[in-house]
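Working notes for the structure below.
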Amino acid sequence: MAVFKILVLLLSLSCFCQAQLSPTFYDQTCPNALSTIRSSIRTAISRERRMAASLIRLHFHDCFVNGCDASIMLVATPTMESERDSLANFQSARGFEVIDQAKSAVESVCPGVVSCADIIAVAARDASEYVGGPRYAVKVGRRDSTAAFRAIADSGDLPSFSASLDTLSDLFLRKGLNTRDLVALSGAHTLGQAQCSTFRDRLYDNSSDIDVGFSSTRKRRCPANGGDTTLAPLDQVTPNSFDNNYYRNLMQKKGLLTSDQVLFGTGASTDSIVTEYSRNPSRFASDFAAAMIKMGDIQTLTGSDGQIRRICSAVN
């Protein structure tokens, strides 16, 4: 009986270990998985450099809604609402077709092995690196959800462009991410573009936390009335390169979104982190990588939970 109990314990520990995420998860089952994803992602970004920012954001929006489970990829059905249609994602989340293409490429090499959730996580890393960001070891082994969670997406689990620092801090804390993670991950806004409707109020509310010249320049493409979907780069200087210019912008009151500028100038603890990253790009890069890895651990499905979807847009 004692021997039997020991065997059961060892078996349970073995199963527990197998269920954990690891950079080597596919080394035996699909050794070419990560290189196949990488090739597909690089091709997509070479066609449209803005896609790098979109893929990083897609990973963020997936992980913050019920965990990193590719639920954001699911298309609506008669019995399920899609996260794509949530307020934070509708007509703004992008890159779905790029993930679909990467999935198709991996399926041709290793059918039924690699999850869409892992592809999203790897794609975000590959996108970051392609435009100058850090290369880090992505942990893989996630499985895909069998449902989408639009109600959660609409309930405040995705940060608003007008969020206060307290709101952002509380949200990140609920996801197991600290203040440094918040500031580091916000640095992804060194890339990409935003719609006029997300920063118009900041330009026209006569606040003292915005540079006058910066506001005047941005108003040219974002009138007080109309032009809601007109795009503007989050960082005017190097909009398609991963660097630390985002933090320099904040120190000059040139953060485009309210949720960006609240990270600096309030006397909060984030001020010193922004200053540090503005002066030390290597520290920003390493902290960004660490925060991305940490974010990728949020509420993952492993082991026998969930499934490996055949296509990313639908449950098997």
Note to self: Suppose the chain between residue 101 and residue 279 were pulled fully straight at 0.36 nm per residue; how much longer would it get relative to their current alpha carbon spacing?
What the structure shows: 60.2 nm
Checklist line | log₁₀ of I(q)/I(0) at q = 0.09, 0.10, 0.11, 0.14 Å⁻¹ - the chain, Debye sum with one point per alpha carbon | finding: -0.47, -0.57, -0.69, -1.07
Item checked: Counted charge near residue 311, where neighbours are those whose Cβ lies closer than 9 Å (Asp, Glu -1; Lys, Arg +1) -> +1
Next item on the list: Report relative contact order for the chain in percent, whole number only (criteria: Cα-Cα under 8 Å, sequence separation at least 6).
Entry: 26 percent
Next item on the list: Note the angle between two axes, namely the Cα long axis of helix 96-109 and the longest principal axis of the Cα atoms of the chain, as a number of degrees from 0 to 90, rounded to the nearest 10.
Entry: 30 degrees
Notebook entry, point to check: Heavy-atom accessible area of residue 234 with all protein chains present, probe 1.4 Å, nearest 10 Å²?
Noted result: 20 Å²
Check: Helix 2-18 sits at what angle to the longest principal axis of the chain, using alpha carbons and giving 0 to 90 degrees rounded to 10?
Finding: 40 degrees
Next item on the list: Rank 62, 211, 157 by mean-square fluctuation in a GNM of the chain with C-alpha springs under 10 angstrom and give only the top-ranked residue.
Entry: 211
Notebook entry, point to check: Can you give the net charge of the other residues whose Cβ lies under 13 Å from the Cβ of residue 103, counting K and R as +1 and D and E as -1?
Noted result: -3
Check: So, in nm, how far is label residue 216 from label residue 49 when the simple model puts each one 7 Å beyond its Cα toward the Cβ?
Finding: 2.8 nm
Checklist line | Among 268, 93, 70: highest mean-square fluctuation, GNM of the chain, C-alpha pairs under 10 Å | finding: 268
Checklist line | GNM top mover of 108, 92, 54 - the chain, alpha-carbon springs below 10 Å | finding: 108
Notebook entry, point to check: Between residue 135 and residue 302, what is the spin-label point distance in nm, taking each point 7 Å from the Cα along the Cα→C-beta axis?
Noted result: 2.6 nm
Next item on the list: Please calculate the 1.4 Å probe accessible area of residue 294, with all protein chains present, and give it to the nearest 10 Å².
Entry: 80 Å²
Check: How big is the accessible area of residue 243 in square angstrom, nearest 10, if you roll a 1.4 angstrom probe over the protein chains?
Finding: 40 Å²
Note to self: What are the ³J(HN,Hα) couplings of the range 59-76, residue after residue, when phi is run through the Karplus curve with 6.51, -1.76, 1.60 and θ = phi - 60°? Round to Hz, x for glycine and proline.
What the structure shows: 5, 4, 5, 6, 5, 7, 10, 6, x, 7, 10, 6, 5, 5, 7, 6, 8, 4
Check: Okay, helix-only estimate at 222 nm for the chain: each DSSP H run of n ≥ 4 adds -39500 (n - 2.57), divide by all residues, round to 500 deg cm²/dmol; what do you get?
Finding: -14000 deg cm²/dmol
Checklist line | Degrees between helix 33-47 axis and first principal axis of the chain (Cα, 0 to 90, nearest 10) | finding: 30 degrees
Item checked: Rg and Dmax of the range 42-125, Cα atoms only, in Å -> 12.7, 38
Item checked: residue 314-residue 173 FRET efficiency (beta carbon distance; Förster radius 51 Å; 0.05 resolution) -> 0.90
Item checked: lysines whose Cα lies under 26 Å from that of residue 294, excluding same-chain neighbours fewer than 8 positions away -> 103, 139, 175
Note to self: Under 8 Å for C-alpha pairs, at least 6 residues apart: give me the relative contact order for the range 213-316, rounded to a whole percent.
What the structure shows: 16 percent
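Using a Förster distance of 25 Å, how high is the FRET efficiency between residue 208 and residue 241, based on the Cβ-Cβ distance and rounded to 0.05? Intermediate results must be reported in sequence, preceding the final value.
On the way: r = 30 Å, r/R0 = 1.20.
Calculated value: 0.25.
The values are calculated or read from the model by the stated rules, or taken from the named source; none is laboratory data. Treat the numbers as computed from the prediction; the structure is a model and nothing was measured. A quick note on method: Cβ atoms are made from the backbone with ideal geometry, for glycine too, and the neighbour counts reach across all protein chains shown. Each accessible area value is taken on the protein alone, full model and side chains, heavy atoms only, with ligands, DNA and RNA left out. Shrake-Rupley method; radii C 1.70, N 1.55, O 1.52, S 1.80 Å.
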